[in-house]
Structures are given as structure tokens and as C-alpha cells.
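The values are calculated or read from the model by the stated rules, or taken from the named source; none is laboratory data. Source: prediction; values computed, not measured. When we count neighbours, we look across all protein chains shown, and the Cβ atoms used for this are built from the backbone with ideal geometry, even at glycine. These accessible areas exclude ligands, DNA and RNA; they are computed on the full protein's heavy atoms, side chains included. Shrake-Rupley method; radii C 1.70, N 1.55, O 1.52, S 1.80 Å.
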Amino acid sequence: MFKSYEDEFLESLQRQEDEFKRNSERAGTITVMVKEIEDKLSPLMWKVFYIIVSNGFSKEAEIKDYVVRFLIEKEMQCYSKDSIYRAIKNLIAINAFKTIRISTGIRTFNILELTDVGRMLFMKRFLKDPPESEMEKILSAHSSYAHGYMVEEVKNILENRGGFELVSTDRKANRIKLKDDESCIPDVITKDHWGYTFYELECGTHNYDDFYRKCNKLIQVTRTLMFIGPGRNVVEKKLLPKITGWVKNVKPEFLRANNISIKVASMHDFKQGKWTYSYDMKRGLPVCIIKNSKKKENANG
């Protein structure tokens, strides 16, 4: 049954009204929560809260280190490490921050996300909007926190390895224009005296069609496709099947004729300067190079 324009218009208005009502109810709930908790914050908790939010910090370990150094060593205030750590823990307990667990494959850590309650608490107390946090910047540039922090991890590995004129993870700077107004944005680009190298970080979340499109773009800018996954489990169960499917789709003989090679690594092996798999383009299948790293890798990878 077809709906009239008037019926559709009225339904649209009703949806907008329902959404406004839900948002209003949510805002009211948050306002009540803020009123309930703001009197529970001690002077130290307010100080710690302001330092974390105003500096845009996200990693819990870095937050603890910075707040301790700032309050005890720089400001020379009479607080103990334990009291500062308790203040951070209490800010999480009252829902000013939400803890999110991140694993890059070689490192697991917590990030603290400012909640809606925490945001309103900050605005009410300090009469300004919170600045953009590290994790907000990462999520604006990547598909997930995990992917963003994996990219950061690889950048750190490459910079520590040395020998590069450039190690870039900036999406705007990494954008490469292709034909037909399309573009390719490698996660990490390095430059040395040999030229440019492109790295792709994969959490295994792409569907096959999106992954195939990405690979089709990559072979327009490089002859060596380099993929890094968080751990062996993701590499073998999620990444290799997609790569193998793409190889079969475009035909191994085409890739071989165009000197296309593929390397795949877990984060653990990549940090060791090794590649876990390479592709045999005669058969279009992966060949395992590192056979004994599985036990050493993060079980979450």
C-alpha cells in the first residue's frame, strides 16, 4: 500500500518528535546524575579531572604518569601517588570516565573515555567545552580505536627502527590521487633512499568487497602489498582468507606478470623485523615464514 505525501510527512514529524523526546529525557537524566555526583568530588578529584580533560589525555598509564609528575614534582603539592591513583579510580567509579581496553597485538592498555556525564560536569564546573581528546582524534581518522592505536604502534616501531626520512600516518598527507577521482590512503607511509613503502593495518573487520577494493587501489601505487594484523589468530583466520580470495579474484598470473608481491605479518613478528607470511604467486597461496612465534604472541591477538 502506497503512502501519501501527507502521511509520510506526518510520520517524519512524529519520528523527529520522538527523537527530540528521547534526547530531552537523556539530557534530563544526565543533568540529574551530574547534580548527584558533583558534591562527591574532592578537591583532588577536581584537580585531576581538570588536568586529564584539559590536556586531552586518553591512555590511563600516561595519565597517571603525567598527573603525578605535574602535581607532586612540578606543583610541589603534598599528594601521594596512591591518593592520585585513587582519585582517577573514583572518577571512573562515578561515571566521569569510561574505561576501554585496547590491544594492539603486542601491547594491552586502558584508555579513558570522557562520558556524557563527565562532559557536562566539566562544562558546568569550568564554563567551557572540553577540548578534543587523543582518542577522539584517533576515532575521527580511523574505523575503530583498535585500528587507530595499531597504526600508532607501527609508527613507533618504524621510528625506533630508524633509517627513514619520513614516517607518516596523517590521512590527509597520505592521500594519493588515482584515476576516476578516486584516492588511496595507506595507513602508514615511509620514505628512505629506496623510495616509498606503504603499510596497511588490518583488524579483520573489512568485508570482502571493501577489502578487494582497497587491494585494487593499492596495486595502482605499489608493487609490494604489506599487511599487518594484531596477532596470528587474526592474520590466519580473518586476513589471509581475504587476501587469498582477492588474489584468486584478480588471478595470480596477472599479479605475477606485474611483479606484485604480498607480505603479511602479525604485530609481534613485525616488531621483530620479520614477515609471518609471503605469497607464492604461482599458486596464489600464502607461505608461512615464521612458524614458532604463535606461543609468544598476545593471546588476545
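Below are the figures for this structure:
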| item | result |
| --- | --- |
| Odd one out for V247, checked against (1) in contact with a helix residue (DSSP H, G or I) (Cβ under 7 Å, 6 or more places away or on another chain); (2) within 27 Å of N160 (Cβ to Cβ) | (2) |
| Among residues of region 136-152, those that are open to solvent by less than 60 Å² (accessible area, probe 1.4 Å) and either part of a loop (DSSP other than H, G, I, E, B) or touching a Gly at 6+ places or on another chain (Cβ under 8 Å) (or both), counted | 5 |
| Residues of region 119-135 that turn out to be closer than 18 Å to E60 by Cα, in contact (Cβ under 8 Å) with a residue 24 or more places away in the chain and open to solvent by 50 Å² or more (accessible area, probe 1.4 Å), as a count | 2 |
| Matching residues, region 96-118, being surrounded by 16 or more Cβ atoms within 10 Å (Cβ to Cβ) and either without any contact (Cβ under 8 Å) to a residue 12 or more places away in the chain or not in a strand (DSSP E or B) (or both) | A96, T104, G105, I106, T115, V117, G118 |
| Every residue from region 119-135 that is of a type in the set (D, E) and in a helix (DSSP H, G or I) | E134 |
| Any hit, region 189-202, residues being part of a strand (DSSP E or B), at negative phi, aromatic (F, W, Y) and open to solvent by 20 Å² or more (accessible area, probe 1.4 Å) | yes |
| Selection from region 165-184 of residues that are outside any strand (DSSP E or B), open to solvent by 60 Å² or more (accessible area, probe 1.4 Å), touching a residue at least 24 places away in the same chain (Cβ under 8 Å) and in contact with a strand residue (DSSP E or B) (Cβ under 7 Å, 6 or more places away or on another chain) | E165 |
| Out of Y85, Y79, sole residue that is without any contact (Cβ under 8 Å) to a residue 24 or more places away in the chain and of a type in the set (F, W, Y) | Y85 |
| Every residue from region 253-274 that is open to solvent by 50 Å² or more (accessible area, probe 1.4 Å) and hydrophobic (A, V, I, L, M, F, W, C) | F254, A257 |
| Count - residues of region 212-231 that are open to solvent by less than 40 Å² (accessible area, probe 1.4 Å) and more than 26 Å from K191 (Cβ to Cβ) | 1 |
| All helices (runs of 4 or more DSSP H) inside region 236-289 with 2 or more residues being farther than 18 Å from C215 by Cβ and out of contact with any Ser or Thr (no Cβ under 6 Å at 6 or more places or on another chain) | 267-271 |
| Residue within region 81-99 that is touching a Lys or Arg at 6+ places or on another chain (Cβ under 7 Å), more than 30 Å from F270 (Cα to Cα) and modelled with pLDDT under 95 present | yes |
| Unmet requirement for V250, which otherwise passes all of (1) surrounded by fewer than 18 Cβ atoms within 10 Å (Cβ to Cβ); (2) touching a residue at least 12 places away in the same chain (Cβ under 8 Å); (3) touching a strand residue (DSSP E or B) at 6+ places or on another chain (Cβ under 7 Å); (4) not aromatic (F, W, Y) | (3) |
